[in-house]
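Here the structure comes first, spelled out in structure tokens, and everything after it is commentary.
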Amino acid sequence: MSAAAIPPAPWAVQAVLFDLDGTLADTAPDLAGAVNRMRMRRGLPALPVAQLRPVASAGARGMLAAGLGVSTDDPGYAALRDEFLAEYESALDAESRLFDGALVLLEALEAAGVAWGVVTNKVMRYTQPVLQALGVASRAAVVIAGDTTPHPKPHPEPLLEACRRLGLAPAQALYVGDDLRDVQAARAAGMPVVAAGYGYLGESPDLAAWGADAVIDSLLQLLGLLHLGTARPS
């Protein structure tokens, strides 16, 4: 399924909210780098980024499972998680980049007076430095991290908090994400949602079963689903 196969939705939304990892930015290389440094420290060869990319949205849990075969039930998980996070923090902006078309899309939203922001399960300690390294931190109207509210996605609270800070009803915003839990969170919040088919897709890559309003194959395809000319300046 692609955006080209879906008629443009009548969305004259006042804000577009993005998941970070796998949606707005390709952060998989730096996440993979952290777990690969752990592997090499243990005498194991580095794994290809392509092998680790599908679980990048799951953060430490996904990377440790794919890179070291460790689950959250393992008695040594907490120590390995801390080691992974330290490794990630030491080089979280080495290779991460915005996905193709991101800057053009953000500029179009800003020119139309449509606010944009980030709602991610990555905690703020890592979210803010990544956004700063990408050069967009000061442009985001709102940033909700995994520790901003008591419940991360798929709970709707992060999206609802973003709307409260923007002074909007959920139906006035659109969420874009690359994981099933992004769609679940948006549905629970009463917010239209687009699935990023170019992203990491997590453990449930059957996009047709997610129930998103549309699927895009690139960020620029989102422009075809928005009526930016009818948006009111914020």
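Each reported figure results from applying straightforward, stated rules to the coordinates on display, with no laboratory input. Predicted, not measured: the structure shown is a model, and the values here were computed from it. Here the Cβ is made from the backbone with ideal geometry for all residues, glycine too, and neighbour counts use every protein chain on show.
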ask   = For the chain, what is the percent of antiparallel DSSP beta bridges, rounded to the nearest 5?
value = 10 percent
remark   = Helix 28-41 sits off the longest principal axis of the Cα atoms of the chain, rounded to the nearest 10 on a 0 to 90 degree scale, by 10 degrees
inquiry  = Net charge within 13 Å of residue 72 by Cβ-Cβ distance, Lys/Arg positive one each and Asp/Glu negative one each, not counting residue 72 itself?
reply    = 0
query = So how tilted is helix 59-68 from the main axis of the chain? Cα-based, degrees 0 to 90, rounded to 10.
reply = 40 degrees
inquiry  = Given the -39500 (n - 2.57) contribution per DSSP H run of 4+ residues, what per-residue ellipticity at 222 nm results for the chain, rounded to the nearest 500 deg cm²/dmol?
reply    = -10500 deg cm²/dmol
Net +/- balance of residues flanking residue 144 in space, Cβ distance below 15 Å, scoring K and R +1, D and E -1 = 0
ask   = According to the square roots a ≥ b ≥ c of the eigenvalues of the Cα gyration tensor, what is the shape class of region 86-172, taking rounded for a/c under 1.5, prolate for a/b larger than b/c otherwise, and oblate for the remainder?
value = oblate
query = Given +1 on the Cβ of Lys and Arg, -1 on the Cβ of Asp and Glu, and no further charges, what dipole in debye does the chain carry about its Cα centre, rounded to the nearest 20?
reply = 240 debye
note = On the formula 1/(1 + (r/R0)^6), with r taken between the Cβ atoms of residue 72 and residue 94 and R0 of 30 Å, the FRET efficiency rounded to 0.05 is 0.65
task = Using amide H atoms built 1.01 Å from N in the peptide plane, name the residues 5+ places from residue 11, or on other chains, whose amide H lies under 5 Å from its own.
result = 227
ask   = Just how large is the dipole of region 34-100 about the Cα centre, in debye to the nearest 20, putting +1 at every Lys and Arg Cβ and -1 at every Asp and Glu Cβ?
value = 220 debye
request  = Please state the charge dipole magnitude for region 81-194, taken about the Cα centre, from unit charges on C-beta atoms (+1 on K and R, -1 on D and E), reported in debye and rounded to the nearest 20.
outcome  = 460 debye
message = Output the 0 to 90 degree angle, nearest 10, between the alpha-carbon long axis of helix 180-189 and the longest principal axis computed from the alpha carbons of the chain.
response = 40 degrees
inquiry  = What three numbers, in Å, describe the spread of the alpha carbons of region 67-107 along their principal axes, ordered from the longest?
reply    = 47, 20, 15
remark   = By the Cα gyration tensor axes a ≥ b ≥ c (a/c under 1.5 gives rounded; else a/b larger than b/c gives prolate, otherwise oblate), the shape of region 86-234 is rounded
